[in-house]
Amino acid sequence: MFSMMTPTKDKKSSRPNGKVCGNCSAPEGNESAPKLSACARCGLAFYCSRDCQRAHWKANHKQHCIPKADRAPQHRKPSDISKGADSEAAAAGHKCAICQDALADASSLTLPCTHVFHGTCVSELRKYGVQQVCPLCRIPLPPGPEKVYEETARRYMVILRLVNTGRASWSALPDWAQREVDAAIAKWRVAADEGHARAQCNLGLMFEEGRGVAQSDEEAVKWYRKAADQGHAHAQCRLGFMFAEGSGVAQSDEEALKWYRKAVEQRHAQAQCSLGFMFGEGRGVAQSDEEAVQWYRKAAVQGDAMALRNLGLMFEQGRGVAQSDKEAVRWYRKAANLGGAQAQCNLGLMFEQGRGVAQSDKEAVKWYRKAADQGSAQAQRNLGFMFEQGRGVAQSDVEAVKWYRKAADQGLARAQYNLGVMFNEGCGVAQSDEEAVQWYRKAADQGDADAQFNLGLMFEDGRGVAQSDEEAVKCYSKAADQGDADAQFNLGLMFEDGRGVAQSDEKAVQSYRKAADQGHARAEFNLGVMFERGRGVA
């Protein structure tokens, strides 16, 4: 026989409401604490008895008890917060209200409400699902560092693509893009201050390359070090590079190696390549081409374009491996197909010279252009030369000047010399001795022998500069010391005639002899005359 069941009313949940005594931790609702009373001052702490309230006040609650009226969040800029509250709290010897350990400036985190805690403690609150509010004033916590990082990264990628596609540059961003970068940096700082390693590394990169911020190697090193200390492999590699170059820190090959090796332990390809470079150059370690090749191979297996290119260079030069132009081309091509600009330039040169491949000016131009479009100064210079000579492209002095100028503006000495010649001869540009001298001087100051010789000619003839035999001799001497036969011959003339230097047949003969030994016909003739006349020779 079935009986009808009458519906029953829902019983009130018997689960505790989450309140516990701030002193003895007794939960509200048990026998010893049927009902807890809130602190009349802050309303945040609860107690089962007056004795517990007094004990807690003496222990630590007095330090953190903030009246309700004073708990309204203060509107402060993130920069003001990061520079002030946490440092002040640490300096004052305050304790973290979560763990009760002393605050340290290096590990403190300031919330938007200006209360300061250990960053790790706040992270633990989020991790374990505790209500995400400030433990003191109950103001909601900001988004976690991972969420901040990811949301900011998506916005930053828009600007990065804008720059990578040539529609803007980091030094001249549109106003809207600059605002986005400023916002990204501010948000990444928030995440970085909470110990987010990727955000710290990204900040390092922004400052190292001046991406929308004032370039600062010191700031880059600061952020790289924070991330590297947490084991972030790329930050360790970049920090190693900063030590290797002495950028933002005192140069130290030993420190560079230390950080490269840390990153290598995580199989970081760029670090493996960098370690190979250190072995190849013998910096901080005993020089070993074989070790260099070994590390380049490890990085190459992971598809690192620079390692692939460097491996090609080792085969081209026969260092640590049997010399092989074909193997060099094979590795250059792998790196070039990955977009490595230096490898593209190297591959272009192999086609231009017909080394390891069938000679082809058109193929050379193709690869030079790919590298030049990525900003490779050497490729830009080489492409300019191909236009000047009409090799693989229609001859064009105007195009030659365009590419020479791009490379020269990047400080490539050979391109500066080439550009000087174009101004000197009026090819592709209006003839200008003054412009020629300007570019010859830039290249000569970097040690380009041809530029030093040509600058000497300009001083000797008084073209584009005030005539000066003394200055001409200085320029000829610099080029002659590098083995330039024309400069050695001209220097011999200056000594023979006593122009710009004290006349000396002996020194004239010395200079003529050096040039003659290189097959310089006019030097051979003049040396013969000196012997015939018994001048400067026994």
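Worth pointing out:
- Ranked by the mean number of other Cβ atoms within 10 Å of their residues, highest first, the peptides 328-335, 361-368 come out as 328-335, 361-368.
- Computed over the stretch 439-490: relative contact order in percent, which uses C-alpha pairs under 8 Å that are six or more apart: 30
- In percent, rounded to a whole number, the relative contact order of the chain is 4, using alpha-carbon pairs under 8 Å and six or more apart.
- Under 13 Å, Cβ to Cβ, from G528 - net charge with Lys/Arg +1 and Asp/Glu -1: +2
- Each Lys or Arg adds one and each Asp or Glu subtracts one; over the other residues with Cβ under 9 Å from the Cβ of G356, this totals 0.
- If R0 is taken as 60 Å, the Cβ-Cβ distance between R283 and E31 corresponds to a FRET efficiency of 0.25.
- Cα centroid separation - the stretch 286-343 against the stretch 441-467, whole Å: 38
- Once the Cα-Cα distance is subtracted from the 0.36 nm per residue extended length, the E265 to L205 segment shows a gain of 19.4 nm.
- Bridging of K326 to aspartates and glutamates at a Cα separation below 13 Å is possible for E316, once same-chain residues fewer than 8 apart are set aside.
- Kirkwood Rh and Cα Rg combined as Rg/Rh, the chain: 1.20
- Calculated FRET value between A102 and I139, using beta carbons and R₀ = 30 Å, to 0.05: 0.80
- Model label sites at Q294 and A521, defined 7 Å from Cα along the beta-carbon direction, differ in position by 5.5 nm.
- Pairs exceeding 19 Å between alpha-carbon atoms, taken from K58/K95; K262/K334; K226/K262; K334/K370: K262/K334.
- Packing order of peptides 387-399, 305-317, highest average first: 305-317, 387-399 (average count of other Cβ atoms within 10 Å over each peptide's residues).
- Rounded to the nearest 20 debye, the dipole magnitude of the stretch 488-538 is 60 debye, with +1 charges on Lys and Arg beta carbons, -1 on Asp and Glu beta carbons, and the Cα centre as origin.
- Helical runs assigned H by DSSP (4 residues or longer) give the chain a calculated mean residue ellipticity at 222 nm of -18500 deg cm²/dmol, each run adding -39500 (n - 2.57) before division by the residue total.
- The stretch 276-381, dipole about Cα centre (Lys/Arg Cβ +1, Asp/Glu Cβ -1), debye to the nearest 20: 300
- Dipole of the chain [Lys/Arg +1, Asp/Glu -1 at C-beta], most positive-end residue of A153, A335, A372: A153
- For F46, net neighbour charge (Lys/Arg +1, Asp/Glu -1) across residues whose Cβ lies under 10 Å away: +1
- In this calculation the C-beta distance from F531 to D445 is compared with R0 = 30 Å, giving a FRET efficiency of 0.20.
- In this simple spin-label approximation, C65 and V398 carry label points 7 Å from Cα along the Cα→Cβ vector, and these lie 8.5 nm apart.
- Cα-based helix-to-principal-axis angle, 521-533 vs the chain, degrees rounded to 10: 50
- Angle between the chain longest axis and helix 361-373 axis [Cα atoms, degrees, rounded to 10]: 40
- Leading residue at positive end of dipole, the stretch 353-431 (Cβ point charges), from L419, Q359, G392: Q359
- Taken about its Cα centre, the stretch 195-318 carries a charge dipole of about 500 debye when Lys and Arg each add +1 at the Cβ and Asp and Glu each add -1 at the Cβ.
- Remark: the stretch 488-538 is approximated by an ellipsoid whose semi-axes, taken from the C-alpha gyration tensor as √(5λ), come to 15, 13, 8 Å, largest first.
- Simple spin-label estimate for K147 and Q482 in nanometres, 7 Å along Cα-Cβ: 6.1
- Angle in degrees between helix 197-209 and the longest Cα principal axis of the chain, rounded to the nearest 10: 30
- Label zone at L338, where the point sits 7 Å out along the Cα-to-Cβ direction: the stretch 241-272 residues whose backbone N lies under 12 Å: 269-272
- Cα-based reach from K19 at 19 Å (exclusive), listing aspartates and glutamates while leaving out same-chain residues under 8 positions away: E28, E31, D51
We did not get these values from a lab; they are worked out from the coordinates using the rules stated. Remember, it's a predicted structure, so these values are computed and weren't measured experimentally. For neighbour counting, all protein chains shown are included, and Cβ atoms are generated from backbone atoms with ideal geometry for every residue, glycine included.
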